[in-house]
Amino acid sequence: MTIALLGTLDTKGDEHDFVGEQIRKRGHKTLLIDVGTGAPPRVQPDITREEVAQVAGIDLAALVARNDRGEAVAAMSKAAPVILSKLLAEGKIDGVISLGGGGGTAIGTAGMRALPLGFPKLMVSTLASGNTAQYVGVKDILMMPSIVDVAGLNRISRQILTRAAGAICGMVEAEPPTQVEDKPIVVASMFGNTTECIQHAKSVLEDAGYEVLVFHATGTGGRTMESLIESGLVAGVLDLTTTEWADELVGGVLGAGPERMDAAAKGGIPTVVAPGCLDMVNFHAPETVPAKFNGRTFYHHNPQVTLMRTSPEEAAQLGAILAKKVNASTGPVTVLIPRKALSIISAPGQLFHDPVADEALFDALRDGLRDDVTLLEIDCEINAPIFSEACARVLIEQMRSQAL
C-alpha cells in the first residue's frame with residue numbers, strides 16, 4: 001500500500017518525514033507531496049511544489065513573488081484536490097495523511113474532501129479539538145488533535161505522530177467486508193421526533209429488498225445525504241424530515257444550506273417528501289437564542305438544545321419553499337402530509353400543537369405544487385404506522401416503475 005503524505009514541507013518537513021519513516025516501518029510505501037510556498041522544503045519530496053502547481057495550472061513563481069500567505073494557502077487549497085484526485089485515478093495512492101496548523105489544515109483537508117467516501121484520510125491538526133465542520137465538510141476525514149503545535153519533534157509530538165502513522169496504516173490495511181449482495185440504496189432523513197416513522201418505513205423498504213441509509217437532519221446530515229445522492233449511488237429518497245429548512249429560513253443552528261433537496265430533483269431520483277419537524281427551529285442553550293425571539297414558544301429538549309415553534313407566517317414560507325423544491329424534480333415525486341402532527345411535540349395536547357401554523361404550511365404547500373405532483377394527505381400523526389407505511393409503499397412503487 002502507498003500512503004500519500006501531503007504537507008507544507010518548508011515548515012513541516014521534519015514532521016512529515018518522521019511520519020513517513022513510521023509508515024515505512026510498518027511495511028507500506030510513502031509518497032511525499034510538497035504544497036509549501038515559502039522557504040525551500042526541509043526534506044526532499046517525491047512530488048515537488050512546482051509539479052503540484054503545474055498540475056493545477058498555478059503560476060507558482062508569480063504566487064511566491066507576491067509573498068501573500070493567504071493567497072498562497074488559497075492557491076494550494078485548490079491544487080491539493082487536483083493532485084490527490086489525479087494520483088487516486090492513476091491508482092498510485094491508497095490513503096493520505098497530512099499534518100498542519102491553520103494553513104496546513106486548510107490545504108490538507110481541501111485535498112481530502114475531493115476523495116471518495118471510504119478512502120482513508122487522516123488530518124493531524126492543531127484545530128482538531130474545535131469546530132471542524134468547515135474542514136471535514138461531508139466527507140469521512142479523521143481529524144486528530146496534534147496536542148502541541150506541529151512545530152518540531154519532541155517527546156509529545158513523537159508520540160502523537162507515531163500513533164497517527166499507525167492509525168493511517170490501520171485504515172489502509174482494513175479491508176471493508178465483501179458485499180454478498182448489492183441492494184438498491186434508499187436514503188432517509190430523520191430527527192428524534194420522527195424516529196418511529198423512519199424506523200417503520202425502513203423495515204418496509206428492507207423487506208422489499210432495499211438497503212436504507214438514515215441521515216440525521218442536523219445540517220451536516222442533510223448536506224451529507226445530498227452529497228451521496230449526487231454520487232449516483234442512490235435509487236430512492238425518503239425525505240420525510242425536512243426540518244433543516246426551518247433552521248435555514250428562520251436562523252436556527254441546523255440549517256443545511258440553500259441546496260437542500262436539490263440533488264434528488266436534479267438527478268431525477270424517485271422521491272417522497274413530507275414536512276417532518278417543520279414545526280421547530282433549533283438553537284443551543286436557552287441563553288443563545290437571539291433576543292428578537294423573546295415571547296415565542298420554546299421547548300427545552302435538553303440543556304444544550306432549545307426548540308422554537310415556527311409561527312404561521314414562517315410555516316407558510318416553509319410550505320412555499322418545499323413546493324418550489326419539489327417542483328424542480330425531474331423524476332417521480334410524491335408529497336405526503338400527516339395532518340395531525342409534524343412531530344411528537346406538535347401532536348394534540350403537546351406544547352407545539354398549533355393547528356393554525358400547520359394549516360398555513362399545508363395551504364402554501366398545496367397551493368404551490370405543480371399540477372402533476374401527487375399530494376396525499378393522511379389524517380394522522382407523522383409517527384403513525386399508517387403514514388410511514390404509505391410513504392414507503394409510494395417510494396417502492398416509484399422506484400419499481402422507474403426501473404422498468
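Between ASP379 and GLN199, how many nm apart are label points set 7 Å from Cα along the C-beta direction?
Going from the ASP379 label point to the GLN199 one covers 2.8 nm.
Using Cα pairs under 8 angstrom and six or more residues apart, how large is the relative contact order of segment 2-173, in percent? Spell out each step's value before the answer.
Numbers: 330 pairs, mean separation 40.9, N = 172.
Here the relative contact order equals 24 percent.
Direction-averaged shadow area of the convex hull around the Cα atoms of the chain, nm²?
For the chain, averaging the hull's shadow over all directions gives 22.9 nm².
How much space per residue, in cubic angstrom, does the convex hull of the C-alpha atoms of segment 2-173 take up?
That works out to 99 Å³ per residue.
Could you pull out the chymotrypsin sites (Phe, Trp or Tyr not before Pro) across segment 346-402 that fall in loop regions by DSSP (anything but H, G, I, E, B) with no more than 16 other Cβ atoms inside 10 Å? List each step's numbers first, then the result.
On the way: sites: PHE352, PHE362, PHE387; in loops: PHE352.
Qualifying residues, ordered by number: none.
From the cross-link list LYS139/LYS183; LYS12/LYS92; LYS121/LYS183; LYS78/LYS183; LYS292/LYS324; LYS121/LYS324, which pairs have alpha carbons spaced over 32 Å apart?
Over 32 Å Cα-Cα: LYS78/LYS183; LYS121/LYS324.
Output wanted: per-residue J couplings in Hz (rounded whole) for segment 141-150, from phi through Karplus 6.51 cos²θ - 1.76 cosθ + 1.60, θ = phi - 60°, x for Gly and Pro.
8, 8, 9, 10, x, 7, 6, 9, 5, 7
Within segment 217-271, list the GluC sites (Glu not before Pro) lying in a DSSP loop whose Cβ has at most 15 other Cβ atoms in a 10 Å radius. Don't jump to the answer; show the numbers that get you there.
Working: sites: GLU226, GLU230, GLU244, GLU248, GLU259; in loops: GLU259.
Those that pass, being in a loop and sparsely packed, are GLU259.
Relative contact order for segment 109-240 using alpha-carbon pairs under 8 Å, separation at least 6, rounded to a whole percent? Mind showing how you got there, number by number?
Details: 146 pairs, mean separation 29.2, N = 132.
Relative contact order comes out at 22 percent.
Please give the helix 355-368 orientation as an angle from the longest Cα principal axis of the chain, in degrees from 0 to 90, rounded to the nearest 10.
80 degrees
Across segment 277-288, in residue order, what do the Karplus-derived ³J(HN,Hα) couplings come to in whole Hz, using 6.51 cos²θ - 1.76 cosθ + 1.60 with θ = phi - 60° and x for Gly and Pro?
3J(HN,Hα) across segment 277-288, in whole Hz: 6, 6, 7, 9, 10, 9, 10, 7, 4, x, 5, 8.
Report, in degrees rounded to the nearest 10, the 0 to 90 angle that the Cα long axis of helix 102-113 makes with the longest principal axis of the chain.
Between the helix axis and the principal axis of the chain, the angle is about 60 degrees.
Report the extension gain between ARG339 and VAL43 in nm, rounded to one decimal, defined as 0.36 nm multiplied by the number of residues separating them, less their alpha carbon distance.
100.0 nm
For segment 155-275, treating each Cα as an identical point scatterer without solvent, what Debye log10 I(q)/I(0) comes out at q = 0.14, 0.21 1/Å?
Cα-only, vacuum Debye calculation for segment 155-275: -0.70, -1.09.
List the equivalent ellipsoid semi-axes of segment 241-377 in whole Å, largest first, each obtained as the square root of 5λ for an eigenvalue λ of the Cα gyration tensor.
Semi-axes (√(5λ), whole Å): 27, 16, 12.
Bear in mind these aren't lab numbers, they're just calculated from the coordinates by the rules spelled out. Just so we're clear, the structure is a prediction, and the values are computed from it rather than from any experiment. No Cβ is skipped: glycine too gets one built from the backbone with ideal geometry, and neighbour counts run over all protein chains shown.
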